[in-house]
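**Q** Attaching a single structure in structure tokens format; questions to follow.
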Amino acid sequence: MSQPVLLVIAHGSRDPRHAATVDALVRRVRAQRPGLRVETGFLDFNIPSVQGVLESLAAEGVRDVVALPLLLTRAFHAKSDIPAVLREAPSRLRIRQAEVLGPSPLLTAALERRLYEAGLTPADKSSTGVVLASAGSTDPEAIAVIAEIAREWRHTGWCAVRPAFASASLPRTEDAVRELRALGCARVAVAPYVLAPGFLPDRIARGAAEADVLADVLGSAPEVARVLLERYEEARVPALAAVGA
């Protein structure tokens, strides 16, 4: 039996860096899992659309698809937008929606990778305060997850870790930077907990003006690609078990 196609569902953006980053991540996923068919569909702004990809797959005779939201938290897009789009898919397709990427220890490892690439070293951890800067959400579940990631990350040796949000929630990145300064951290680093560049990541970067270090977005970090494949497997195995039942 052939393995289900992995359909990565990205939000889309008017910023061309967004689609380029998604493409780079998908290429890394393909490199990590040769033989797995991986397609990309966008909810808005970019092509191909999710609906267009699904219709093409159905026309080719594909039966099984794992639809994976390229999202870090379970908020509106994962709970509402994406299920609505998938319900409009051709009826011949058997689609299983995978879980969002976060939280995951691999994503925390990717955050640290980006901080070290920006100039920090493991020896800096105990004297460095980190702002975990996410896009923000009106969904209380998503906000609680970010706060919990910050609490757990703090226990790995950083001077302090504070969550911040580019929209919808407080504090903002610049306020968290100042709070860490006031706590007495020798240096302050901002770690964007976002997947691709765009409007809100740019706002995070502006808020990091008074920080000592600004890490890059998670992007195509190898750990992120591994999380995608983990979520694919988690969704694929129950789907195949159901088919064989």
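**Q** Condition (residue is more than 30 Å from Arg151 (Cα to Cα) and loosely packed, with under 15 Cβ neighbours inside 10 Å) applied to the stretch 9-18: is it met by at least one residue?
**A** Taking every residue of the stretch 9-18 in turn, at least one turns out to be more than 30 Å from Arg151 (Cα to Cα) and loosely packed, with under 15 Cβ neighbours inside 10 Å.
**Q** Within the stretch 223-245, how many residues are open to solvent by 30 Å² or more (accessible area, probe 1.4 Å) and either at pLDDT 95 or above or of a type in the set (A, V, I, L, M) (or both)?
**A** So the answer is 10.
**Q** Name every residue in the stretch 22-46 that is more than 15 Å from Pro69 (Cα to Cα) and of a type outside the set (D, E, K, R), in order of residue number.
**A** Passing the criteria: Ala24, Ala31, Gln32, Pro34, Gly35, Leu36, Phe45, Asn46.
**Q** Among the numbered conditions (1) under 22 Å from Asp124 (Cα atoms); (2) surrounded by fewer than 19 Cβ atoms within 10 Å (Cβ to Cβ); (3) of a type in the set (Lys, Arg), tell me where Arg162 comes up short.
**A** (2)
**Q** Still on this structure, I have one more. Are any residues in the stretch 169-192 part of a loop (DSSP other than H, G, I, E, B), touching a residue at least 40 places away in the same chain (Cβ under 8 Å) and open to solvent by 40 Å² or more (accessible area, probe 1.4 Å), and if so, which ones? I'd like the intermediate steps shown before the answer.
**A** We begin by selecting, within the stretch 169-192, every residue part of a loop (DSSP other than H, G, I, E, B); these are 169-172, 184-186.
So of that shortlist, the ones also touching a residue at least 40 places away in the same chain (Cβ under 8 Å) come out as 185-186.
Listed by number, the list holds a single entry, Ala186.
**Q** Take Ala196 and decide whether it is closer than 19 Å to Ile146 by Cβ, under 23 Å from the mean Cα position of the chain (by Cα), surrounded by fewer than 20 Cβ atoms within 10 Å (Cβ to Cβ) and among the aliphatic types (A, V, I, L, M).
**A** In short, no.
**Q** Evaluate the stretch 28-41: report whether one residue or more is farther than 23 Å from Pro201 by Cβ, hydrophobic (A, V, I, L, M, F, W, C) and open to solvent by 20 Å² or more (accessible area, probe 1.4 Å).
**A** Just the residues of the stretch 28-41 that are farther than 23 Å from Pro201 by Cβ, to begin with: 30-39.
After this cut, where a residue has to be hydrophobic (A, V, I, L, M, F, W, C) as well, the list is 31, 36, 38.
Now narrow it down to the ones that are open to solvent by 20 Å² or more (accessible area, probe 1.4 Å): 31.
Within the stretch 28-41, one or more residues are farther than 23 Å from Pro201 by Cβ, hydrophobic (A, V, I, L, M, F, W, C) and open to solvent by 20 Å² or more (accessible area, probe 1.4 Å).
**Q** Further, regarding this structure: Could you check how many residues of the stretch 131-142 are over 20 Å from Pro197 (Cβ atoms) and surrounded by 20 or more Cβ atoms within 10 Å (Cβ to Cβ)?
**A** Within the stretch 131-142, residues that are over 20 Å from Pro197 (Cβ atoms) and surrounded by 20 or more Cβ atoms within 10 Å (Cβ to Cβ) number 1.
**Q** Moving to a separate point now. What number of residues in the stretch 56-65 are part of a helix (DSSP H, G or I) and either among the hydrophobic types (A, V, I, L, M, F, W, C) or in contact with a strand residue (DSSP E or B) (Cβ under 9 Å, 6 or more places away or on another chain) (or both)?
**A** 4
**Q** Still on this structure: Testing Gly157 on (1) crowded, with 16+ Cβ neighbours inside 10 Å; (2) at pLDDT 95 or above; (3) not in a helix (DSSP H, G or I), one condition comes back false. Which one is that?
**A** (1)
**Q** Right, next: Going through the stretch 1-29 one residue at a time, which ones are out of contact with any helix residue (DSSP H, G or I) (no Cβ under 6 Å at 6 or more places or on another chain), of a type in the set (Gly, Ala, Ser) and closer than 18 Å to Phe199 by Cα?
**A** Matches in the stretch 1-29: Gly12, Ser13, Ala19, Ala20.
**Q** Something else: How many residues does the stretch 66-122 contain that are outside any helix (DSSP H, G or I), within 16 Å of His11 (Cβ to Cβ) and open to solvent by 50 Å² or more (accessible area, probe 1.4 Å)?
**A** First, pick out the residues of the stretch 66-122 that are outside any helix (DSSP H, G or I): 66-75, 88-104, 118-121.
Going one step further and asking which of them are within 16 Å of His11 (Cβ to Cβ), we end up with 67-75, 97-98, 100-102.
Retained after the next criterion (residues that are open to solvent by 50 Å² or more (accessible area, probe 1.4 Å)): 74, 97.
Number of matching residues: 2.
The values are calculated or read from the model by the stated rules, or taken from the named source; none is laboratory data. These numbers were taken from a predicted model, which means no experiment stands behind them. Neighbour counts are summed over all protein chains in view; Cβ atoms, including those assigned to glycine, are modelled from backbone coordinates with ideal geometry. Calculation scope for accessible area: heavy atoms of the full protein, side chains included, ligands and nucleic acids excluded. Shrake-Rupley method; radii C 1.70, N 1.55, O 1.52, S 1.80 Å.
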